[in-house]
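Engineer: This is the structure I want to talk about, given as structure tokens.
The values are calculated or read from the model by the stated rules, or taken from the named source; none is laboratory data. Small disclaimer: the values here were computed from a predicted structure and weren't measured. Backbone-built Cβ (ideal geometry, glycine too); neighbour counts: all protein chains shown. These area figures cover heavy atoms from the full protein model, side chains too; ligands, DNA and RNA do not enter into them. Shrake-Rupley method; radii C 1.70, N 1.55, O 1.52, S 1.80 Å.
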Amino acid sequence: MSPDSGVAFLRSLFLLLVCGGGVDEIQADGPHWSYTGSHGQSHWPELFPHCGGLSQSPVNIDTDCVKLDPSLRPVEPQGYSTLSSDDFTLENNGHSVQMSLPSSMSLSQRFTAVQLHLHWGSRGNGAGSEHLINWQASPAELHVVHFNSEKYPNVSVARNQSDGLAVLGILIEVGDEINPAYENIFSHLGYVKYAGQKVLLPSFDVGALLPERLDQFFRYNGSLTTPPCFQSVQWTVFHQKVSLSRSQIEKLQTTLLSSEFGVLPPTPLVDNFRAPQPLNQRVVLVSFPLDVRVVYSIGETIAVIAGILFGALGIIITAHFIIKSIRSKKHEEPKQEVVYKTSNLEEEVVQQLEQQQP
Ligand SMILES: *[C@@H]1O[C@H](CO)[C@@H](O)[C@H](O)[C@H]1NC(C)=O
Ligand SMILES: *[C@@H]1O[C@H](CO)[C@@H](O)[C@H](O)[C@H]1NC(C)=O
Ligand SMILES: *[C@@H]1O[C@H](CO)[C@@H](O)[C@H](O)[C@H]1NC(C)=O
Ligand SMILES: [Zn+2]
């Protein structure tokens, strides 16, 4: 082996170790795609026909148009908080950062967990989430993906079946405190900077990534938000958001690249969120009576009460002056001029009333 070929061998070994076999996996779903440019989201339907379907995700959730369904039971994660003996694999797949989940995690037996991943924006930009609430974006969104293990053998088979997947959507907002649960992922982001890189993480309590209120959520039928956009997802988007510190969100926005190691120029992995899709004939269900409505009705009630009070006050004041002017006319005391000479208008009214009296 010549020194040169030795160097080449070491380099390819290094690339294999550092970069993994990511390329095949990244392109496992057919043609290359991205969020912007010539393979950007407006072109997805040409490359992946399902992306042009009528039940696509994400959507904007208009809280005035959701339908209350009190029969929706709280989400019950099982095995989320049991530490697994297996490590989790964290991977940069070029479109997101994704963490594998053990099959011991599930939603009420029927749906087995597969992976979680995030969507985010770019530095100094409030956008990043896929789902919008009243056209309001959040800086990031976590997706926890499960497949219907009652009916299908694995996620590859389930992902293009209408009842194949269940995804939890967690909207992430900026808060003051560092969220320690998310540090279990974020502290390792530097190891998966390049597309195709993977790293093993010690298992941790995945339940701590979810909001506290697992009973308050929106539910609708939709799709994968990335190609091939199969319309196979029962979506659960929690109403309560999870707070991360600004520095945590900036780390997510600035650490990763969508390009592989050694590929120039390095391309930041940012703005990996799809635009909201038409709801078409779909209805978004809500599991609880929304606060927003209560606030509106309190506001309306205050307005009505205020209106009644001001109206009544006006009537009382008017009646007061009329009665006083009638009395003063009856008694014809000289004092009346002093009392009612506060304005010309009142004087006129008093005079008119006097004239009308028989
Ligand atoms: C999924 O299950 C199908 C049918 O049993 C099988 O052919 C396929 O190899 C499985 N895929 C994976 C990734 O395990
Ligand atoms: C799902 O995909 C498989 C293989 O790609 C295909 O044979 C099957 O018909 C698809 N099922 C549905 C419901 O589209
Ligand atoms: C989703 O689709 C299934 C099957 O068509 C239907 O039974 C269910 O009610 C739908 N869910 C929602 C939230 O519309
Ligand atoms: Zn997603």
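Engineer: Can you name the number of the only condition in (1) in a loop (DSSP other than H, G, I, E, B); (2) closer than 26 Å to SER156 by Cβ; (3) open to solvent by 60 Å² or more (accessible area, probe 1.4 Å) that LEU200 fails?
Structural biologist: Tallying (1) in a loop (DSSP other than H, G, I, E, B); (2) closer than 26 Å to SER156 by Cβ; (3) open to solvent by 60 Å² or more (accessible area, probe 1.4 Å), LEU200 fails exactly one: (1).
Engineer: Okay, next question. Pairs only if they're at least six apart or on different chains, beta carbon under 7 angstrom, first in the stretch 87-103 and in the same structural domain as LYS193 (by TED's automatic domain parsing), second within 11 Å of ligand 4 (Cβ to nearest atom) and in a loop (DSSP other than H, G, I, E, B); list them, first residue then second.
Structural biologist: Listed by first residue and then by second, the contacts come to HIS95/THR226; HIS95/ASN272; SER96/ASN272.
Engineer: Which members of the stretch 182-197 meet the condition of being open to solvent by 10 Å² or more (accessible area, probe 1.4 Å) and of a type outside the set (Phe, Trp, Tyr)?
Structural biologist: GLU183, ASN184, SER187, HIS188, GLY190, LYS193, GLN197
Engineer: Six or more apart or on different chains, Cβ under 8 Å: which pairs go from a residue in the stretch 221-241 that's without any contact (Cβ under 8 Å) to a residue 40 or more places away in the chain to one that's charged (D, E, K, R) and surrounded by fewer than 19 Cβ atoms within 10 Å (Cβ to Cβ)? Could you list them?
Structural biologist: Taking only residues 6 or more apart or on different chains, the pairs are GLN240/GLU212; GLN240/ARG213.
Engineer: Taking into account only those residues within the stretch 150-160 that are touching a residue at least 12 places away in the same chain (Cβ under 8 Å) and part of a helix (DSSP H, G or I), which is farthest from ligand 2 (Cβ to nearest atom)?
Structural biologist: Narrowing the stretch 150-160 to residues touching a residue at least 12 places away in the same chain (Cβ under 8 Å): 150-152, 155, 158-160.
When the remaining residues are screened for being part of a helix (DSSP H, G or I), the result is 155, 158.
Working: VAL155: 12, ALA158: 9 Å.
The residue in question is VAL155.
Engineer: List pairs: first residue in the stretch 168-192 and farther than 30 Å from GLY262 by Cβ and at pLDDT below 95, second residue open to solvent by 20 Å² or more (accessible area, probe 1.4 Å) and away from ligand 2 (no atom under 16 Å from the Cβ) anywhere in the structure, Cβ distance under 7 angstrom, at least six positions apart or on different chains.
Structural biologist: Pairs found: none.
Engineer: With respect to THR226, is the statement that it is away from ligand 3 (no atom under 16 Å from the Cβ), surrounded by 17 or more Cβ atoms within 10 Å (Cβ to Cβ), within 19 Å of GLU130 (Cα to Cα) and not aliphatic (A, V, I, L, M) true?
Structural biologist: Here the answer is yes, as THR226 does meet what is asked.
Engineer: Looking only at the stretch 94-114, which residues are open to solvent by 30 Å² or more (accessible area, probe 1.4 Å) and closer than 24 Å to GLN197 by Cα? Steps first, please.
Structural biologist: Within the stretch 94-114, the first condition is being open to solvent by 30 Å² or more (accessible area, probe 1.4 Å), and the residues that meet it are 95, 98, 100, 103-104, 108-110, 114.
Those that are open to solvent by 30 Å² or more (accessible area, probe 1.4 Å) and closer than 24 Å to GLN197 by Cα: HIS95, GLN98, SER100, SER103, VAL114.
Engineer: Please pick out the residue among GLY126, GLY121, GLY169, GLY79 that is under 17 Å from LYS241 (Cβ atoms), open to solvent by 20 Å² or more (accessible area, probe 1.4 Å) and in the same structural domain as PRO227 (by TED's automatic domain parsing). I'd like the intermediate steps shown before the answer.
Structural biologist: Working: GLY121 fails: open to solvent by 20 Å² or more (accessible area, probe 1.4 Å); GLY169 fails: open to solvent by 20 Å² or more (accessible area, probe 1.4 Å); GLY79 fails: under 17 Å from LYS241 (Cβ atoms).
Just one listed residue meets the conditions, GLY126.
Engineer: Is it true that GLN136 is free of Cβ contacts under 8 Å to residues at least 24 places away in the same chain, farther than 21 Å from PRO202 by Cβ and open to solvent by 70 Å² or more (accessible area, probe 1.4 Å)?
Structural biologist: Working: free of Cβ contacts under 8 Å to residues at least 24 places away in the same chain: yes; farther than 21 Å from PRO202 by Cβ: yes; open to solvent by 70 Å² or more (accessible area, probe 1.4 Å): yes.
In short, yes.
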